[in-house]
Amino acid sequence: MKLLLATGNPGKVADFGALAPGGEWTALADYASLPRVEETGASFEANARLKAEHYSRFTPECVVADDSGLEVEALGGAPGVFSARFAGPHGDDAANNRLLLERLRSLPPEARAARFVCVLALARAGKTVATFQGYAQGRILEAERGTQGFGYDPLFYSPAAGCTFAELGPQGKAAFSHRGQAARALLEWMR
């Protein structure tokens, strides 16, 4: 069974592709031309449900929507659901990373605890069937490391991986990431 991804983010498509090289994931056809849904939810789960339910109305197949982001302890959980637009325009990774570093500038490494959160919602015909969550614990570095990945990956150091997510290839990141955990839970549920 193919799972249709409701995302236009090439980084997320690559992350999912690394989880199931056999091709269980595919991008929702015509995603770019479909009417957008506003992410008005106050939580990752609420936004994932909104997107999955909305886009599942355009296909008879199951649709998976991801809402994910970074929660920094010293910032009271920010940027949270605003991760992609922390510094303003949606998807400006460089600006988001600069703002994050600026906000944490005076903090020592032990005060830079953070976690990535991912919620996947599976929907069909406008109704959520199930949701799945994944978390990756780590800390924010003082400077970017690595050139792979996207978003906050160059600043997020994962003790479990021993490096930043941007220093891992797609397969390595899938083994440790929040998205990898949530996606494996979804695939196991489906099996």
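The values are calculated or read from the model by the stated rules, or taken from the named source; none is laboratory data. Keep in mind the model is a prediction, meaning the values are calculated, not measured. Cβ coordinates were reconstructed from backbone atoms using ideal geometry, including for glycine residues, and neighbour counts include every protein chain displayed.
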Looking for something modelled with pLDDT of 90 or more, in contact with a strand residue (DSSP E or B) (Cβ under 6 Å, 6 or more places away or on another chain) and among the basic types (Lys, Arg) - is there at least one such residue anywhere in the stretch 158-181? yes
Evaluate the stretch 4-18: report whether one residue or more is touching a His at 6+ places or on another chain (Cβ under 6 Å) and part of a loop (DSSP other than H, G, I, E, B). no
Tally, over the stretch 159-191, of residues that are surrounded by fewer than 22 Cβ atoms within 10 Å (Cβ to Cβ), touching a Phe, Trp or Tyr at 6+ places or on another chain (Cβ under 6 Å) and closer than 15 Å to Gly138 by Cα: 2
Taking Ala29 and the conditions (1) among the hydrophobic types (A, V, I, L, M, F, W, C); (2) more than 20 Å from Val117 (Cβ to Cβ); (3) touching a Cys at 6+ places or on another chain (Cβ under 8 Å), which numbered condition does it fall short on, given that it satisfies the others? (3)
Residue list for the stretch 99-131, restricted to those being out of contact with any Leu (no Cβ under 7 Å at 6 or more places or on another chain), within 22 Å of Val81 (Cβ to Cβ) and without any contact (Cβ under 8 Å) to a residue 40 or more places away in the chain: Leu99, Glu102, Leu104
State which residue is farthest from Ser106 (Cα to Cα) when the search covers only the stretch 139-153 and only residues that are out of contact with any Phe, Trp or Tyr (no Cβ under 8 Å at 6 or more places or on another chain) and touching a residue at least 40 places away in the same chain (Cβ under 8 Å). Phe150
Just to be sure before I move on: is Ala14 closer than 16 Å to Arg179 by Cα, touching a residue at least 40 places away in the same chain (Cβ under 8 Å) and in contact with a strand residue (DSSP E or B) (Cβ under 6 Å, 6 or more places away or on another chain) in the structure I sent? no
Over the stretch 132-149, the set of residues over 22 Å from Glu45 (Cβ atoms) and within 12 Å of the chain's Cα centre (by Cα) is Gly149
Complete set of residues in the stretch 18-35 that are loosely packed, with under 11 Cβ neighbours inside 10 Å and either at pLDDT 80 or above or farther than 23 Å from His178 by Cα (or both): Asp30, Ala32, Ser33, Pro35
Suppose we keep only residues that are in a helix (DSSP H, G or I) and free of Cβ contacts under 8 Å to residues at least 12 places away in the same chain within the stretch 168-191. Which one would you say is nearest to Thr128 (Cα to Cα)? Glu188
With the requirement that a residue be farther than 15 Å from Phe150 by Cβ and of a type outside the set (Ser, Thr, Tyr), what does the stretch 88-106 give you? Gly88, Pro89, Arg98, Leu99, Leu101, Glu102, Arg103, Leu104, Arg105
Can you say whether Gly8 is over 15 Å from the mean Cα position of the chain (by Cα) and either more than 27 Å from Gln148 (Cα to Cα) or without any contact (Cβ under 8 Å) to a residue 60 or more places away in the chain (or both), as far as the supplied structure shows? no
